[in-house]
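The values are calculated or read from the model by the stated rules, or taken from the named source; none is laboratory data. Given the structure is predicted, the values throughout are model-derived calculations rather than measurements. Here the Cβ positions follow ideal geometry from the backbone for every residue, glycine too, while neighbour counts run over all protein chains shown.
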């Protein structure tokens, strides 16, 4: 197992390097000019000598290979570079805002499993029954409803009906758990309900395939109770595709909670990404996108390792 993990980590190095190069080059060809953003609505006031000084201070006047080398050096030091406009390091930004985004994603994936897996099991074991039709209706409904629309509706309901809004600013879980949950709980519920529809559909379709296998019929022929057949024999093999899907969805939730963080006014990494795009803050965008790429690589590694635990037939040697 250790050898397999080491090989996967070594294979991930060229992937991360390739992602960093693509991100770096893409940011240099996107429309927009950070110097123009700095001067707001009056870019014509920029004098050539002022532009040259600003670009030199920001490091934009260096050749691309030099800029890339400085970025990689900043990554190696752990500071990840300094934001153009905020003046703080990207590492500090991630440390301050990252926990909120991670909390939202974790709560959302837990809710997705708590809701999606039982609904999928119920739907598969009672195929074409009224319960199955109701479950399929709601899964399709939550698949079709855009998350930003559901988030906007939730904001209006909380404000207009109960007159309640989440606290403003970054509040860590260990500083004030109640206020922290007030910030992350609503976007986590909206995101979790949307993801639970995917989990329910995958659980249902996979379980329908597994319960028709020969070893399931053999277990039933031995006289085992249906609950034992389902939970001990069928469900364990059903979980492999669900775990794969959940891992991919968790990675997307870390990077795709931008709309929800905007809607619920959550100062997480998603909102920081939006602000960086508006300000054309290359350093912040590069590092956040690279962070999401590294997270995806690690999530895929954890998914592969979990296969051996879920299916004893799988061995890494």
Handout entry: From the options 231, 149, 164, 174, residue that is surrounded by fewer than 17 Cβ atoms within 10 Å (Cβ to Cβ), at pLDDT below 80 and closer than 26 Å to residue 247 by Cβ
Key = 231
Completion exercise
Taking the range 87-105 and keeping only residues that are in contact with a helix residue (DSSP H, G or I) (Cβ under 8 Å, 6 or more places away or on another chain) and without any contact (Cβ under 8 Å) to a residue 24 or more places away in the chain, one is left with none
Exercise for the section: State whether the residues of the range 27-35 include one that is surrounded by 12 or more Cβ atoms within 10 Å (Cβ to Cβ), modelled with pLDDT under 80 and within 24 Å of residue 254 (Cα to Cα). Expected result: yes
Completion exercise
Note on residue 82: of the conditions (1) out of contact with any strand residue (DSSP E or B) (no Cβ under 9 Å at 6 or more places or on another chain); (2) under 19 Å from residue 273 (Cα atoms); (3) in contact (Cβ under 8 Å) with a residue 24 or more places away in the chain, unmet is (1)
Problem - Failed item in (1) surrounded by fewer than 19 Cβ atoms within 10 Å (Cβ to Cβ); (2) at positive phi; (3) touching a residue at least 60 places away in the same chain (Cβ under 8 Å), with residue 267 passing the rest - result: (2)
Fill in the blank from the handout: Among helices (runs of 4 or more DSSP H) completely within the range 178-278, the ones holding 1 or more residues that are in contact with a helix residue (DSSP H, G or I) (Cβ under 6 Å, 6 or more places away or on another chain) and farther than 28 Å from residue 143 by Cα are 214-221
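So which of 81, 87 is buried (at least 18 other Cβ atoms within 10 Å of the Cβ) and at pLDDT below 85?
On the way: 87 fails: buried (at least 18 other Cβ atoms within 10 Å of the Cβ).
On inspection, the qualifying residue turns out to be 81.
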